[in-house]
1. Take Met75 and Leu7, extend 7 Å from each Cα along the Cα→Cβ direction, and tell me the distance between the two endpoints in nm.
2. Based only on other Cβ atoms within 10 Å, what is the fewest-to-most ordering of Lys47, Lys42?
3. Using a Förster radius of 22 Å, what is the FRET efficiency between Ile27 and Ala85 based on their Cβ-Cβ separation? Nearest 0.05, please.
4. Got a sec? Charge dipole of the chain, +1 on Cβ for Lys and Arg, -1 for Asp and Glu; which of His11, Phe76, Asn43 is way out at the positive end?
5. Can you give the charge dipole size of the range 13-86 about its Cα centre, rounded to the nearest 20 debye, using +1 on the beta carbon of Lys and Arg and -1 on the beta carbon of Asp and Glu?
6. Where q = 0.18 Å⁻¹, what log10 of I(q)/I(0) comes from the Debye formula for the chain, counting one point per Cα?
7. Kindly provide the helix-only [θ] at 222 nm of the chain, computed as the sum of -39,500 (n - 2.57) over DSSP H runs of four or more divided by all residues, to the nearest 500 deg cm²/dmol?
Amino acid sequence: MVNLLDLGDLHHKLPQFCDSIAANPQILLDDNPDNGSGWDLKNLDGKPWVNLQLIAAICIMAPELPDLEKAISDMFSGAADGWQAGN
């Protein structure tokens, strides 16, 4: 069981992580961690995603979603702003 008090460091990293994704949303659409954008940049805890099929499916659909990168960027930018406002 995870103790919420042990998650302080993780929560402090969250705004910076969200800002980095907002600045480069393409990093989430790269399903190959060996392309210079490792798991530590894509996932807050640095571990591989649980469902790689989801990322593969999104990558396949990406050409049909012209605003996907902007949507990802806006979502993570808003999340960073929210976390920073709460601290």
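Where a number appears in this text, it was derived from the coordinates with a stated rule and is not lab data. On a predicted model such as this, the values are computed, not experimentally measured, just so you know. Cβ coordinates were reconstructed from backbone atoms using ideal geometry, including for glycine residues, and neighbour counts include every protein chain displayed.
1. 1.9 nm
2. Lys47, Lys42
3. 0.35
4. My answer, from the dipole projection, is His11.
5. On the way: 4 positive and 11 negative charges, 39 e Å.
The calculated dipole for the range 13-86 is roughly 180 debye.
6. -0.87
7. -17500 deg cm²/dmol
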